[in-house]
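The values are calculated or read from the model by the stated rules, or taken from the named source; none is laboratory data. Owing to the predicted nature of the structure, the values given are computational and were not obtained by experimental measurement. Cβ sites come from the backbone with ideal geometry, for glycine too, and all protein chains shown count toward neighbours.
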Amino acid sequence: MRTIPAFPLLILALLALTLAACGGPNTPRGLSFDENGGRLETPTAEKDRTIQILAQQITKGLETPWQAQASIAENPEWDPIAEKFLWKQATIVITVGGPAHAALPTAEPEIATAVADFMKTRMAKGKRPIIAVNRVATVSERLYTVRAGDTLVKISVAYFGSEDAWPTIADANPTVDSAAPLVPGTLLKIPADP
């Protein structure tokens, strides 16, 4: 009698478990596959794709270094008449991040209008999304007000724990003469990474 080695059986068992976890076309989360191995769309996949495109479109309309992130609370539902996923309700939050000291390059109402226009073809007939636009300062830029006796080296040690990062601070502040003493009250940009 011939025995089957344990390793191929383990592989087959893992494959069976993986396929079972993928579910069928009515699976609400993740990817699903049809009987031929083709990818089927799911509400979560449509939501993720919409969020990604929306964030990219908003970011594209902003000035550098501003960036947008998007979130949608609800999943879309399959509309058999339209033959696509549509939202019956969509609560959308757009978070726009940029420098703490700079004005938002595009006003919040304009961003909300752009989001509403983007979602028109993705909403069920007669439905409108609820949109909130939030502005946050990015972590990539911090500001420091120079005090009497400060040097770029001292500030480097305070923020990065090393004297070696002072050229990074100098590079981020091209109007500051790194050879001259710092003037108290001067606002310095402190990069996130040295």
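Here the stretch 32-74 is the region considered, the condition is being within 15 Å of residue 106 (Cβ to Cβ) and charged (D, E, K, R), and the residue that is modelled with the highest pLDDT is 60. Residue 170: within 22 Å of residue 194 (Cα to Cα), in a helix (DSSP H, G or I) and at pLDDT below 85, yes or no? No: the conditions fail for residue 170.
Taken residue by residue, the stretch 98-121 has no member that is among the polar types (S, T, N, Q) and assigned to a strand (DSSP E or B).
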